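The values are calculated or read from the model by the stated rules, or taken from the named source; none is laboratory data. Given the structure is predicted, the values throughout are model-derived calculations rather than measurements. Cβ placement follows ideal geometry from the backbone for every residue including glycine, while neighbour counts extend to all protein chains displayed. Just the protein is used for accessible areas: all its heavy atoms, side chains included, with ligands, DNA and RNA removed. Shrake-Rupley method; radii C 1.70, N 1.55, O 1.52, S 1.80 Å.
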Amino acid sequence: MKKNFIPLLFLNVAIIATCGLIYELLAATVSSYVLGDSITQFSLVIGIYLSAMGVGSWLSGFLEDNLAKRFIEIELAVAIAGGFSAPLLFLVFAHLSYFNLIFYPLVFLIGVLVGLEIPLLMRILKNELDFKKLVARVLALDYVGALVASVLFPIFLVPYMGLNRTSLFFGMMNAAVGLWGTWLLEHLIKPKDLTILRIKGFAVVLVLLTGFIKADSLTALAEDALYADNIIFAKSSPYQRIVITKGKAGYALYLNGNLQFHSFDEYRYHEALVHPAFAAHNGNPQRILILGGGDGLALREVLKYPVKSVILVDLDPVMTHLATHFPALKMLNENSMSDSRVQVINQDAFVWLSETEEEPFDIAIVDFPDPNNFALGKLYTTRFYKLLKSKLKPDATAIIQCTSPLISRKSFWCIVKTLQSSGFFVEPFNVTVPSFGVWGYALVKSEPFEIPTKLKAPTALRFLNEETLKTMFQFSNDTSEPEEEIEINRLNNQILVRYYEDEWQRFEHQ
Amino acid sequence: MWTRREILKAFLGLPFLMACDNRSKIENIAGEIVGADVLNGHKILSNPLFEVSNNNRERKTVVIVGGGVSGLSAAWKLKRDGFNDFILLELEPKIGGTSQSGENELTGYPWGAHYLPVPFKENSLLITLLDEMNLIEGRTDEGEVIIKEEFLCRQPEERVFYKGRWYEGLYLHVGENDQDKIDLENFQKEIDFWIDWRDSSAKRAFTLPVANCSEDAFVNELDKISFEDWLRQKGFSSERLFWYCDYACRDDYGLKLHETSAWAGLFYFCSRVRKSGEESQPFITFPEGNGRFVKHFYSKVKENVKLKSLVCEIIPKEDSIEVVYLDISDKKYRLVEAQKVIFSAPIFTAKHIIRDFKENMPSYLKEFEHNAWFVANLFLKDRPKPRFNRDFPLSWDNVIYESPSLGYVCATHQSGIDYGATVFTYYYPMCAEKDGRAKLFSLSWKELTDIILTDLWRAHRDIYSLVERIDIMRWGHAMISPRVGFVRSEALKKAKKPYRGIHFANTDLSGVALFEEAFYHGTRAAEEIWSDLRR
């Protein structure tokens, strides 16, 4: 018998141990990204995983013969289950309701398989070394592997490889250990099994490698490079590409690659989008209309007031479904989408406004993505604003998000002028939202009005106070209305899309 | 019978022979050939005798023959002036002629004409119509009408597909060389010259309706040469300018550049621009195209309209005119005794219908030539995916540079429906070959569908998986052809003259097929008749 295979087997122990801990960390990270509440998720995953390893160790007692063959088979099984764990979880996540049903059994399965590894390996080695040395070395290496994994994971793997690639990579490591084992343990395996095992081993490596390469184009991996943080959700709806990322500072939502909010400062944006409309309303607003805003964050602010009903019209059912069911978003919007006063309608707001027979509203919040294409540009035209006006009560107020008056100054003032030309009285204002920059809005009414000085929110706000409310209607020299002539945005010129493209092009790398 | 290869080569040109064979993918697409009652329409050619029983006779002061835009305009005008004793007879089960439209649960869609440039203030009767339809928002200081935004063609209006990509606009700017730029600039100068040109009585060279155009010999000279020859005489050589002008001719007249009168070519570019340097008048359009006008007319005159009525013979008598028609619903011949007839069917049909013309055909009728078209409505479950991020997006009018078709119009564009299912209306004028009409009618639905999808496949690789249904309308006599010499011909002048109480009213009489012209002739005939009757 060759003695020199023993040090190599110990190396395998270290690799197996690293892989095992990586899978555990991956599962905990994915679930805390996806479901929020990382303490619970880490705690649950560690508990389930360790207990599953215990079950695996116990089950190893039932395996009698062909231990080397069994060991290699288990390695390959771990490779598949662990290697595909992260991609599988992200895929499953697209169908939210099944996530838990898949997630915990998967963690348990990986745990059981990993739990089988070390006991089996120790029994294979027991004839080569005395028991004292065996236990000492195997366990020492097991713990060293864990250390390597826990250090590598946050410092190198998550930031540089991303969750999917880490998962697939360590799957390949496991498979490599299995395949390598067919040579190291050759003398312990029946020759007829040997060939089959090697074929299986190569197949598993190949499948994982394919996954590794394919995933680059199929899943969100290609997008990883575009975003600073980890992608925890990515899905193409018929209307747009929705990506949610999670980083140190929190969650961010991107539509077609454009940042919609970042959780660390979105309250600034949404408080400014909602509260001035209530402040400028002289009565008791009951019926609220939100156009766009499928993330439910503007809705969260609206529901701070004792309103009777809210209609939220957002194009994309995938987006509103996410806002209703995706834990991280639910947490951010304080479950506002499930409020009984809220009715969600998934339709293009332009088409909805032209067809709806709803009674007029007291307040409208208009929160569309920036006008970077013609389909969005139509939502900023005189036609659209006239339709909106016809659906507002005479004393109603509305706020329209108007893009950045700093980066796209002409676009901002074009929207303001278009609103004026549609018969609105307009008070433009701006606030600083660090993840966006200086951001602009328009407060409008169908009748002349004073800039509001008093907030009416029932509770204190995180950002807005009455001093800020006064100053945000001031424009600095680089954001005020420019001298040059600005056209009004109409359906038949869509001039805003052209302004916006020109202005934002200055900031693109292409 | 032809092979597929021959059909595609004839209809789409050589490059399409390279297209991959997608015939099997048509199997899952539904659809049919719809519209124009060819069989009944051609019945009058073979049946010389019509027996009308006594209880199938009635009297009406006026009979209008034909329910296209000209006939409907005449009816609308009569009704508006308080005259009600008339009947309008239309062969088809559907009103509207080449302006008819269809509708599904998503949108209306055109079967032919699909826009109207905003008229100048001088065209006051047409503006009255627009006003009545509640399309007008106000007037400018100069008195020009301002049309409500939702009825003006929404941007993006046009795009052109060239070598794998879509570009904004109809004129292809990408890759143009210095000569192209110079030619385009000089072409614009020529157009500007004609826009600003006035004759001794201050008449424009080109305006709408054609009746108001100057008849100065200097302008009329243009009708004597083809648009292509005119371009060459002016020293133009840019390929893309020639394409652009050729497209304009095919689009507006169903003719190729070398067949079109230079007068008609320049008319297209000049008649809708107020003065040089200004934009062309914007387009009024609706999802169902000019079907919206048809609907409006019909809502006003419905009780006077009789559909499925094939006028077989018009017999001018001493003190009346007898109009014999076949009621297609009960296969009975009926007769109306009238004082006046407005003949608003295509003018060439007069030789088969008016008794005196049957016996002794006026030679000028031979000069009225029509071209054939087919129009297809494609029902898509979703819109084609852009092949490049920066591709110019789906527009109202979508043109394929290297195709003999005119491309397609997106019916949902004007409604602001920018996602999901839609309807494309695809236009194909049969001007590539001489016997276009015969060729068109020799092809089956499947063969025409093959042509359409092979054409569109070049720009939209996913078209086969998106199209659920294709309905095809064949227009045997779609538009009058303003060939060289026709617009200013004696034939046209003669055809406009009333004949024994029959007043002719069809866009044919202008030499160009346009809504404005049909409307002009319809309302003109109504006015003539009304003033005769009051006398």
I'm told A:L329 meets every condition in (1) open to solvent by less than 10 Å² (accessible area, probe 1.4 Å); (2) more than 14 Å from chain B (Cβ to nearest Cβ); (3) over 14 Å from the mean Cα position of the chain (by Cα) except one. Can you identify the failing condition by its number? (3)
For the structure I just gave you, tell me whether A:S338 is of a type outside the set (V, I, T), within 14 Å of another protein chain (Cβ to nearest Cβ) and surrounded by fewer than 18 Cβ atoms within 10 Å (Cβ to Cβ). no
In the range B:383-421, anything within 12 Å of chain A (Cβ to nearest Cβ), surrounded by 19 or more Cβ atoms within 10 Å (Cβ to Cβ) and among the small types (G, A, S) is listed as B:S395, B:S415, B:G416
Residue count, the range A:123-132, condition without any contact (Cβ under 8 Å) to a residue 12 or more places away in the chain and within 25 Å of A:N66 (Cβ to Cβ), comes to 4
Being within 25 Å of B:S481 (Cβ to Cβ) and either more than 22 Å from the chain's Cα centre (by Cα) or of a type in the set (D, E) (or both) is the filter here, so list the residues in the range B:432-446 that pass it. B:E433, B:D435, B:S442, B:L443
Please pick out the residue among B:E90, B:E51, B:E58 that is open to solvent by 30 Å² or more (accessible area, probe 1.4 Å) and at pLDDT 90 or above. B:E58
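Results for (1) more than 16 Å from A:P105 (Cα to Cα); (2) at pLDDT 90 or above; (3) in a helix (DSSP H, G or I); (4) open to solvent by 50 Å² or more (accessible area, probe 1.4 Å), shown as yes or no for each residue.
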| site | (1), (2), (3), (4) |
| --- | --- |
| A:T18 | yes, yes, yes, no |
| A:L21 | yes, yes, yes, no |
| A:I48 | no, yes, yes, no |
| A:S51 | no, yes, yes, yes |
| A:G56 | no, yes, yes, no |
| A:E64 | yes, no, no, yes |
| A:E75 | yes, yes, yes, no |
| A:A86 | no, no, yes, no |
Subset of the range B:157-179, residues in contact with a Leu (Cβ under 8 Å, 6 or more places away or on another chain) and either more than 14 Å from chain A (Cβ to nearest Cβ) or modelled with pLDDT under 95 (or both), comes to B:V160, B:Y162, B:Y171, B:E176
Those residues of the range A:363-389 that are open to solvent by 10 Å² or more (accessible area, probe 1.4 Å), more than 9 Å from chain B (Cβ to nearest Cβ), over 15 Å from A:V313 (Cβ atoms) and at pLDDT 95 or above come to a total of 1
Give the residue that is surrounded by the fewest Cβ atoms within 10 Å (Cβ to Cβ), with candidates limited to residues of the range B:310-358 that are among the hydroxyl-bearing types (S, T, Y) and under 21 Å from B:G501 (Cα atoms). B:S320
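Conditions (1) in contact with a helix residue (DSSP H, G or I) (Cβ under 6 Å, 6 or more places away or on another chain); (2) modelled with pLDDT under 95; (3) open to solvent by 40 Å² or more (accessible area, probe 1.4 Å), marked per residue:
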residue	(1), (2), (3)
A:A222	yes, yes, yes
A:D229	no, yes, yes
A:L255	no, yes, no
A:R268	no, no, yes
A:A272	no, no, no
A:P276	no, no, no
Looking only at the range B:473-491, how many residues end up being closer than 23 Å to B:R250 by Cα and either more than 16 Å from the chain's Cα centre (by Cα) or among the basic types (K, R) (or both)? 8
Please specify each residue of the range B:237-256 satisfying the condition of being open to solvent by 10 Å² or more (accessible area, probe 1.4 Å) and in a loop (DSSP other than H, G, I, E, B). B:S237, B:K256
I need the full set of residues from the range A:455-488 which are β-branched (V, I, T), in a loop (DSSP other than H, G, I, E, B) and loosely packed, with under 12 Cβ neighbours inside 10 Å, in order please. A:T459
Name the single residue that is farthest from B:L129 (Cα to Cα) among those in the range B:142-156 being more than 8 Å from every other protein chain (Cβ to nearest Cβ) and within 23 Å of the chain's Cα centre (by Cα). B:F151
For the range A:280-304, which residues satisfy the criterion of being of a type outside the set (G, A, S) and in contact with a Pro (Cβ under 7 Å, 6 or more places away or on another chain)? A:K304
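Conditions tested, residue by residue: (1) among the polar types (S, T, N, Q); (2) within 14 Å of another protein chain (Cβ to nearest Cβ); (3) touching a residue at least 24 places away in the same chain (Cβ under 8 Å); (4) in contact with a Pro (Cβ under 6 Å, 6 or more places away or on another chain).
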residue	(1), (2), (3), (4)
A:K470	no, no, no, no
A:T479	yes, no, yes, yes
A:N493	yes, yes, no, no
A:E501	no, yes, yes, no
Name the residues in the range A:303-315 that are away from chain B (no Cβ under 14 Å) and in contact with a Leu (Cβ under 9 Å, 6 or more places away or on another chain), would you? A:K304, A:V310, A:I311, A:L312
